[in-house]
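What follows is one structure encoded as structure tokens, with my remarks underneath.
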Amino acid sequence: MDHLPIFLDVRGQRALVVGGGTLAARKADLLARAGADLTVLAPDMNDDLARVAAEFEINHKQGDLSADDVNGCVIVFGASNDHAINLKVHELATAAGILVNISDTTDLCDFIMPAIVDRSPLLISISSGGATPLLTRMLKARFETTIPAAYGRLAEFAGSYRDRVKEAITNMARRRRFWETMIAGPVAEHLFSGQEDEATALMDKLLKDAAVEGDEAADGEVYLVGTGPGDPDLLTFRALRLMQQADVVLYDRLIGDGILNLVRRDADRIYVGKMKEDHSVPQEEISEMLTRLAREGKRVLRLKGGDPFVFGRGGEEIATLADNGINFQVIPGVTAANGCATYAGIPLTHRDHAQGYIVVTGHEKDGELGLDWKNLIQPRQTVVIYMGLTSLGTITDGFLSHGADPETPAAVIENGTRVGQRVITGTLRSLLGKATEAEIKSPALIIIGSVVTLRDKLAWFERGDNA
Ligand code: SAH
């Protein structure tokens, strides 16, 4: 993060804008709307500035800039088209330790101005740190169109109930849920359609009911959510919604930052990652932790790479929850086989190549793969192997010693669907050498079968069209 995002309270406080043109007008308009005691210092005001001056009460000062104009201000803007004046503004403000912004001169700015979407009291501010103003503008346009104007009214309405709700519902988890019901439910609908009285009546009733329910902790719940193989865009809507509701999140190493960033900001985060040989938190302990947190009334989010029920031990985790009478939901995700195959341009089935695919684990148990080779080596069948990188040599040897054609096409996909995805293709004979040479690392998925040859034609992810 290059900047600290804050919303500054300038109501009744002195602020200065130096300059009489459109840039000055924009700053003056924002400051005046935020209630600052604003002085504009400029020989003349152009039409834009004059309009601001007509709408709000601002002090217009002519003449030379002096330290007195700056001192005592909370914030100062230099927006003159005379660079020498701007330099002086910067110098005086800096000497007085006041935050200063000089238009279009990044070097002379203590802070930058974001693009804003104003649904007061709801305010969205967007910044790319000056790197891509175009992106900022596009995002602003998107917010402008997707956030109804009535959201401001909703925020205001909620604000007017804040103290009463706090008093009536002292348990924090319960209070949060009260607000969620209010914001996503009929109260909001009434407000959006302009029925303020109905909204008020309903809100009063909800509040009364909530006060009657008393203060026992709310029931906790566990969400076992499959997040897909890595690309956050592959999340389901349901996954995203629950991620936004959670009070605490348990995640492991397969969950990338792109996905973690979508979890509610103030949810507690617990890393329970498993590296292969180093089981940092044993499975039983994770299951116990889920149970304990849910008993405390928390909404517990357990994030799983891919799908929770495909080599994800999801079944074990929820068995413990079921034994303990804890409520839970399981949300499917795109499993690695599907995500990686698609992003690598390898269809798992294809009328000319494979009638079906089989999914197995290459994880050795007690030094044994325990694979049913006869079942794997079948004509017109694609084999997908999870957790097979460490035993890749044993796997390809197993295929060959059980009669598979050494020229059978095969691929390894590293970091499938993520930025930095790598795909190595070869044959059963050559794959190990190629993967070793390319230093392929985990997570990696192995695909064996003639469908791999289709990749040359179908690999869309690496074409750059989807960057
Ligand atoms: N529940 C997960 C699988 C967990 S087992 C799912 O449904 O996908 C972990 C294995 O999944 C890894 O060893 C690897 O073989 C595979 N895997 C998961 N994400 C992957 C990715 N982004 N790229 C390649 N392989 C991946």
- Note on the structure: Turns out the strands (runs of 3 or more DSSP E) fully within the stretch 317-425 with at least 3 residues that are away from the ligand (no atom under 16 Å from the Cβ), at negative phi and at pLDDT below 95 are 327-331
- Enumeration of residues in the stretch 97-136 that are more than 17 Å from Val17 (Cβ to Cβ), of a type in the set (S, T, N, Q) and not in a strand (DSSP E or B): Thr106, Ser120, Ser127, Ser128, Thr132, Thr136
- Filter result for Leu262 (in contact (Cβ under 8 Å) with a residue 24 or more places away in the chain, touching a helix residue (DSSP H, G or I) at 6+ places or on another chain (Cβ under 9 Å) and outside any loop (DSSP other than H, G, I, E, B)): no
- Any chance Val384 is closer than 19 Å to Tyr343 by Cα and surrounded by 19 or more Cβ atoms within 10 Å (Cβ to Cβ): yes
- Message: Out of Ala32, Ala93, Ala50, I need the residue that is closer than 23 Å to Gly12 by Cβ, touching a helix residue (DSSP H, G or I) at 6+ places or on another chain (Cβ under 9 Å) and without any contact (Cβ under 8 Å) to a residue 24 or more places away in the chain. Which one?
- Response: Ala93
- Message: Every residue in the stretch 225-239 that is surrounded by fewer than 17 Cβ atoms within 10 Å (Cβ to Cβ) and under 11 Å from the mean Cα position of the chain (by Cα), please.
- Response: Asp233
- Query: Going by the conditions given, is Gly273 modelled with pLDDT of 90 or more, surrounded by 14 or more Cβ atoms within 10 Å (Cβ to Cβ) and within 23 Å of Glu414 (Cα to Cα)?
  - Reply: no
- Those residues that are part of a helix (DSSP H, G or I) and touching a Ser or Thr at 6+ places or on another chain (Cβ under 9 Å), I need them from the stretch 27-46; list them, please. Lys27, Arg33
- Note on the structure: Checked against (1) in contact with a strand residue (DSSP E or B) (Cβ under 9 Å, 6 or more places away or on another chain); (2) polar (S, T, N, Q); (3) not in a helix (DSSP H, G or I), Thr94 satisfies every condition except (3)
- Message: Among (1) out of contact with any Leu (no Cβ under 9 Å at 6 or more places or on another chain); (2) of a type in the set (S, T, N, Q); (3) outside the structural domain of Val187 (by TED's automatic domain parsing); (4) surrounded by fewer than 17 Cβ atoms within 10 Å (Cβ to Cβ), there is one condition Ser127 misses while meeting the rest; what is its number?
- Response: (4)
- Query: Within the stretch 425-439, how many residues are within 37 Å of the chain's Cα centre (by Cα) and surrounded by fewer than 20 Cβ atoms within 10 Å (Cβ to Cβ)?
  - Reply: 7
- Message: Name the residue that is farthest from Asp233 (Cα to Cα), counting only residues in the stretch 290-316 that are in a loop (DSSP other than H, G, I, E, B) and within 16 Å of the ligand (Cβ to nearest atom).
- Response: Arg313
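The values are calculated or read from the model by the stated rules, or taken from the named source; none is laboratory data. The structure displayed is predicted, hence computed values, not measured ones. In this analysis, Cβ positions are derived from the backbone assuming ideal geometry, glycine residues included, and neighbour counts consider all displayed protein chains.
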